[in-house]
Amino acid sequence: MAEAQKEVVIRVSDLVVGFGKINVLDHVALDVYRGEILGFVGASGSGKSVLMRTVIGLLPKREGRIEVFGVDLGNVNEKERQAVERRWGVLFQHGALFSSLTALQNVQFPMREYLDLSDRMLQEVALAKLEMVGLTADVRGKFPSELSGGMTKRVALARALALDPEIVFLDEPTSGLDPISAGEFDHLIRTLQRTLGLTVFMVTHDLDSLHDVCDRIAVLADGKIIASGPMATMLASEHPWLKAYFRGERAARRRA
Amino acid sequence: MSGEPLLKSAADGERLQFKAAGSWTAKHAGAIERLIDEAVRQKPAARRVEIDLAGIEHLDTYGAWLVERLMRAWNGDGREAKLVGVAENYRVLIEEAHSVNRAAPKTGHGPSRVVVVLNNIGASLADFSQSLIALVQMLGEVTAALLRVFAHPRSFRFTSMVHQIDRVGWRAVPIVLLITFLIGAIIAQQGIFHFRKFGADIFVVDMVGILVLRELGVLLVCIMVAGRSGSAYTAELGSMKMREEIDALRTMGFDPIDVLILPRIVAIVIAVPILTFLGSMAALYGGGLVCWLYGGINPEVFLSRLRESITLDHFEVGLIKAPFMALIIGVVACVEGLEVKGSAESLGLHTTASVVKAIFMVIVLDGVFAMFFATIEK
Ligand SMILES: Nc1ncnc2c1ncn2[C@@H]1O[C@H](COP(=O)(O)OP(=O)(O)OP(=O)(O)O)[C@@H](O)[C@H]1O
Ligand SMILES: [Mg+2]
């Protein structure tokens, strides 16, 4: 597919975000295309979570423009904004499940708010979602404090997918999982992306995820996107940080 | 995108055909579900059922699940439903829906209502005795920690205690002064208003003096401290428990009782008597002021009458109770804090419980003290 034909679902241009005197993001520009899995990498503390949180409207921007589905989010009323928010799902770095609701109720929560469903449908679809993210029916009654790290991530993903969004934002979905679960999670994201036609924006440090599931990778350093493109481009790059990241010791060991 | 969902059926002898069309998406899920329920309700006894999805414009998990539900209504007992005209891009989704929710749903009714009520009564009784045990246990642990401190005075977290005294004592002074002042004034006003009918105005001084010094000063302060500082203790310890901070302390070889709880309890036990003293003085001042401005009893008369009517005993009775009540408030707050489980709701419940239990126990303790002092005739 030629670049020109691809539909842009998220367009970030000239974005500046900062705290106090420091600008964490300094004139960042980034496009995300429909149906792709974009891996977003950068050093710890470089501002990946900040970019994600700014796009979904949790942090204020200083300058720039954020368009999602062609809607300029800096210039909408509450109702238009809600209409856009319904079309994305977010998986937070630490799950952010509602601690006083069970796993099943967490998944049902957005459905209850936004859709007109019978109780039976609510139950069945929520269970189906939990099953789709690879959980068995016995977690449904468990509270977040009773779930393991991997289960928490999966329930959070099920909740992010509750409304059948078109875009999902994932903040480090596989961090804290064992390599097998991480692999399964990657596979799951791939499958769901195919089944539901999702666009996935994924912040990750996991080289395996980047290799296996990401169609495109964008790299954030010094408050700017320093490179973007498929894995091959990253591997070929001579930029010192990219070299260290993708062809460093850990990466080498991975391929060995 | 806006195509209304449709479901048409056409029966043809042994064959029944459904034609689905429009957008079968989350937005229309309610409407589609009604269509399907309708179709299933008048379920004809056809042997072969075909569901034609060719007309579907949009399909998501909700639509796919509803298609699957329609199919499952006919599958089984020798009959069979078949899907035709599935668009290529929806095939995976349909297959996914086909494979989920296969586990048989749990059947069987819940326990009957009587059993539930009995169960609740039992559970709350068990809860009550458990919380009493926890209280006694905490008291024991705090005492043990205190003894350890006497053995090794340097292990005491002095800085932490001073910080807590600042929070529960010093910063509470303005509000305690204000409220006790107002209550003292109100009591005096009421007393004057009613006693005047009998020409007994001057006895208001006795009433205010005894009431404030023996009971009101300490009770008011304790209730305020329970609401202000007890709840803060519970919330702090509870959220530390939730975020595994207390476990972290334990693994580093610190005893949370020494580090977190003892300084808090010592601080509250020191702060409450001081607040009680200040509060009692403010209440007497308020009472005196009202007697003067409203009752026409001038300050010299008020003071001399006060000197006649109260003795040091009254003052002591009030002040002796203060540290014990403070201990109860502190211990209840810490126990509740450590009981918090993982959820935010649990934190709220225990914070409420901490305040309610502390106030209740303070009042019970006050009753016990009243009996004790009556017996020893003080
Ligand atoms: N609310 C905030 N107030 C002040 N500074 C913040 C805030 N949130 C983030 N920062 C700062 O912004 C920078 C980027 O943080 P961010 O959380 O985006 O890092 P990250 O790239 O997601 O790192 P990691 O990979 O470790 O999650 C950090 O220096 C952080 O200290
Ligand atoms: Mg982050």
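The values are calculated or read from the model by the stated rules, or taken from the named source; none is laboratory data. All values reported here derive from a predicted model rather than from experimental measurement. Counting neighbours? That spans all protein chains shown, and the Cβs are built from the backbone with ideal geometry, glycine included. For accessibility, only protein heavy atoms count, side chains too; no ligands or nucleic acids. Shrake-Rupley method; radii C 1.70, N 1.55, O 1.52, S 1.80 Å.
Of note:
- Three-way shape label, region B:276-334, alpha-carbon gyration tensor, a/c 1.5: oblate
- Given +1 at the Cβ of Lys and Arg, -1 at the Cβ of Asp and Glu and no other charges, the dipole of chain B around its Cα centre is 260 debye to the nearest 20.
- Cβ-derived FRET efficiency at R0 60 Å, B:Lys197 paired with B:Glu236, nearest 0.05: 0.70
- Estimated purely from DSSP H runs of n ≥ 4, each contributing -39500 (n - 2.57), the mean residue ellipticity at 222 nm for chain B is -22000 deg cm²/dmol once divided by its residues.
- Proportion of all alpha-carbon pairs of chain B beyond 34 Å (%): 56 percent
- Difference of contour (0.36 nm per residue) and Cα-Cα distance, B:Leu118 to B:Phe254: 44.7 nm
- With eigenvalues of the C-alpha gyration tensor scaled by 5 and rooted, the protein assembly as shown, Å: 64, 34, 25
- A straight line joining the Cα centroids of region B:5-57 and region B:265-307 runs 82 Å.
- Using the Cβ-Cβ distance between B:Arg228 and A:Ala43 with R0 set to 51 Å, the FRET efficiency works out to roughly 0.70.
- Our Cα-only numbers for chain A put the radius of gyration and Dmax at 18.4, 57 Å.
- Exceeding the 31 Å Cα-Cα cut-off - candidates A:Lys142/B:Lys8; A:Lys142/A:Lys224; B:Lys27/B:Lys241; A:Lys6/B:Lys19; A:Lys79/A:Lys129: A:Lys142/B:Lys8; A:Lys142/A:Lys224; B:Lys27/B:Lys241; A:Lys6/B:Lys19
- Shape category assigned to region A:1-81 from the gyration tensor of Cα positions, a/c cut at 1.5: oblate
- Cβ-placed point charges (K, R +1; D, E -1), dipole of the protein assembly as shown about Cα centre in debye, nearest 20: 300 debye
- Charge dipole magnitude, Cβ of K and R +1, D and E -1 - region B:230-289, Cα centre, debye nearest 20: 180 debye
- Solvent-accessible surface of the protein assembly as shown, taken per residue with a 1.4 Å probe and all protein chains present: 50 Å².
- Largest to smallest in accessible area, the residues B:Ser124, B:Ser131 fall in the order B:Ser124, B:Ser131 (1.4 Å probe, all protein chains included).
- A 1.4 Å probe over all protein chains sorts A:Glu166, B:Glu339 by accessible area into B:Glu339, A:Glu166, starting with the largest.
- Degrees between helix B:231-242 axis and first principal axis of chain B (Cα, 0 to 90, nearest 10): 40 degrees
- Interface residues of region A:106-138, defined as those losing at least 20 Å² of solvent-accessible heavy-atom surface relative to the isolated chain (probe radius 1.4 Å), are listed as A:Leu115, A:Asp116, A:Leu117, A:Ser118, A:Arg120, A:Met121, A:Glu124, A:Val125, A:Ala128, A:Glu131, A:Met132.
- Backbone HN-Hα couplings from phi across region A:10-20 [Karplus 6.51/-1.76/1.60, Hz, Gly and Pro as x]: 10, 10, 10, 9, 6, 7, 10, 9, x, 10, x
- Result for chain B in a Gaussian network model with C-alpha springs under 10 Å: among B:Val40, B:Val301, B:Val355, the largest mean-square fluctuation is at B:Val40.
- log10 of Debye I(q)/I(0), alpha-carbon scatterers only, for region B:234-378 at 0.10 Å⁻¹: -0.52
- Largest-first ordering by accessible area, 1.4 Å probe, given options B:Tyr233, B:Tyr294, A:Tyr245: B:Tyr294, A:Tyr245, B:Tyr233
- Separation of the B:Met371 and A:Gln123 label points, Cα + 7 Å toward Cβ, nm: 5.2 nm
- Stretch gain in nm, segment B:Lys378-B:Ala344, where the contour uses 0.36 nm per residue and the Cα spacing is subtracted: 7.5 nm
- The protein assembly as shown - percent of accessible surface contributed by carbon and sulfur, probe 1.4 Å: 60 percent
- Over all pairs of different C-alpha atoms in region A:138-204, the reciprocal of the mean inverse distance, the Kirkwood hydrodynamic radius, equals 12.5 Å.
- Here the calculated FRET efficiency for A:Asp138 and A:Glu184, from their Cβ-Cβ distance with R0 = 22 Å, stands at 0.75, rounded to the nearest 0.05.
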